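*Asks:* Below is a structure I'd like to ask you about.
The values are calculated or read from the model by the stated rules, or taken from the named source; none is laboratory data. Given the structure is predicted, the values throughout are model-derived calculations rather than measurements. Here the Cβ positions follow ideal geometry from the backbone for every residue, glycine too, while neighbour counts run over all protein chains shown.
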């Protein structure tokens with residue numbers, strides 16, 4: 001929908017935007033390497049080692065290359081592309097600058113990945129300015145950084161997300177209050193986040209092809225097929241979802257250090273999920289040690305294929321920054337949070353409670369696991385040695401089997417950095 005024709009209209013109701021940085025990693029590479037501008041650039045793993053594409057520039061996309069594609073296939077489609085494994089430190093730096101631009105417009109900024117964030121610019125809440133003008137200003141300020149973004153604007157997160165994908169790059173798609181049904185109804189059900197191939201197939205078997213069909217479907221039948229998520233999908237498809245954008249924590253208010261990764265293919269087995277938790281725990285431990293912090297509470301976060309998020313936490317017997325201690329505890333938090341076979345898209349592990357005040361201690365079983373084979377001090381020394389080697393020779397200098405297992409398997413989602421260095 002062309003936003004210019006509605007400038008004179010007042011926005012009535014919530015105004016939630018989704019900002020998505022265009023081909024972000026590749027755009028940063030082209031920014032830092034001017035000679036690459038206008039050329040196909042692919043950020044991803046090696047085509048010779050079963051890597052996958054993390055991000056492809058728009059020049060590479062013209063050849064059919066897209067994220068999560070096997071690198072070998074991308075090389076066949078675009079043999080002349082410039083390849084790079086990427087620089088996450090640089091990507092986080094640019095991402096932080098972009099999030100700072102959003103935070104200057106509204107305190108309600110909810111970062112969902114390194115290159116995406118929801119923001120709330122509801123008139124009268126933080127500003128009396130038109131939400132459209134705010135979005136245009138955000139795009140202009142982001143472009144000054146040397147990258148571009150596309151924005152979707154609507155009354156809730158589902159509408160904003162779908163709208164953000166409609167016009168790329170540098171698009172601004174606005175769904176004005178009251179037009180949600182007309183906007184959503186003709187779109188394929190797969191357009192809505194959380195509706196993957198399996199769900200799409202099951203909906204098709206029910207005669208549901210587009211969001212308009214889903215919005216009118218029987219809640220009883222949907223719940224019978226999909227559980228509690230079924231009726232929720234119908235509400236979202238109808239544009240009736242009520243969304244809250246969380247307030248972004250200020251750096252001085254940060255109370256946890258965490259790390260999370262989104263995987264290019266969903267994890268479905270216990271072996272995979274447990275290995276992922278230990279893999280992410282090692283990253284969190286390193287960040288804690290870099291900041292000289294120890295914490296007394298471990299949190300496990302899982303995002304399922306339907307984008308539903310669940311978290312749980314447990315207090316430790318004493319503050320720690322050693323993943324050999326809190327990693328196994330995070331693994332045990334899986335019980336009651338996840339069932340074998342349920343697809344997991346994202347895994348996160350965080351440590352909090354830096355005050356030193358702790359409640360109930362873990363049982364003897366937890367203590368025994370944390371001090372496996374009586375080598376807790378050896379583990380701590382090993383972690384410090386590993387940190388030193390990686391600091392000197394790079395992150396790939398030392399890798400455990402679990403780390404190699406997930407090499408080139410992430411989509412590029414880095415730590416959100418709400419409270420990390």
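*Asks:* Select from the stretch 106-121 the residues that are farther than 24 Å from residue 259 by Cβ and at pLDDT 95 or above and write down the one among them that is farthest from the chain's Cα centre (by Cα).
*Replies:* The extreme case among them is 121.
Matching residues to (1) within 29 Å of residue 70 (Cα to Cα); (2) assigned to a strand (DSSP E or B):
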| residue | (1), (2) |
| --- | --- |
| 245 | no, no |
| 280 | yes, no |
| 298 | no, yes |
| 326 | no, no |
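A quick yes/no check of all residues on (1) surrounded by 14 or more Cβ atoms within 10 Å (Cβ to Cβ); (2) closer than 20 Å to residue 345 by Cβ; (3) out of contact with any helix residue (DSSP H, G or I) (no Cβ under 9 Å at 6 or more places or on another chain):
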{"residue": "169", "(1), (2), (3)": "yes, no, no"}
{"residue": "178", "(1), (2), (3)": "no, no, yes"}
{"residue": "181", "(1), (2), (3)": "yes, no, no"}
{"residue": "184", "(1), (2), (3)": "yes, no, no"}
{"residue": "189", "(1), (2), (3)": "yes, yes, no"}
{"residue": "201", "(1), (2), (3)": "no, yes, yes"}
{"residue": "209", "(1), (2), (3)": "yes, no, no"}
{"residue": "224", "(1), (2), (3)": "no, no, no"}
{"residue": "243", "(1), (2), (3)": "yes, yes, no"}
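*Asks:* Suppose we filter 68, 47 for residues that are over 18 Å from residue 142 (Cβ atoms) and in contact with a strand residue (DSSP E or B) (Cβ under 6 Å, 6 or more places away or on another chain); which single one remains?
*Replies:* Checking each option against the conditions leaves just 68.
*Asks:* Right, another one. Could you identify the single residue in 153, 102 that is assigned to a helix (DSSP H, G or I), touching a strand residue (DSSP E or B) at 6+ places or on another chain (Cβ under 7 Å) and buried (at least 17 other Cβ atoms within 10 Å of the Cβ)?
*Replies:* 102
*Asks:* If you take the residues of the stretch 68-82 that are buried (at least 20 other Cβ atoms within 10 Å of the Cβ) and under 25 Å from the mean Cα position of the chain (by Cα), which of them is modelled with the highest pLDDT?
*Replies:* Step by step, filter the stretch 68-82, then rank; the result is 74.
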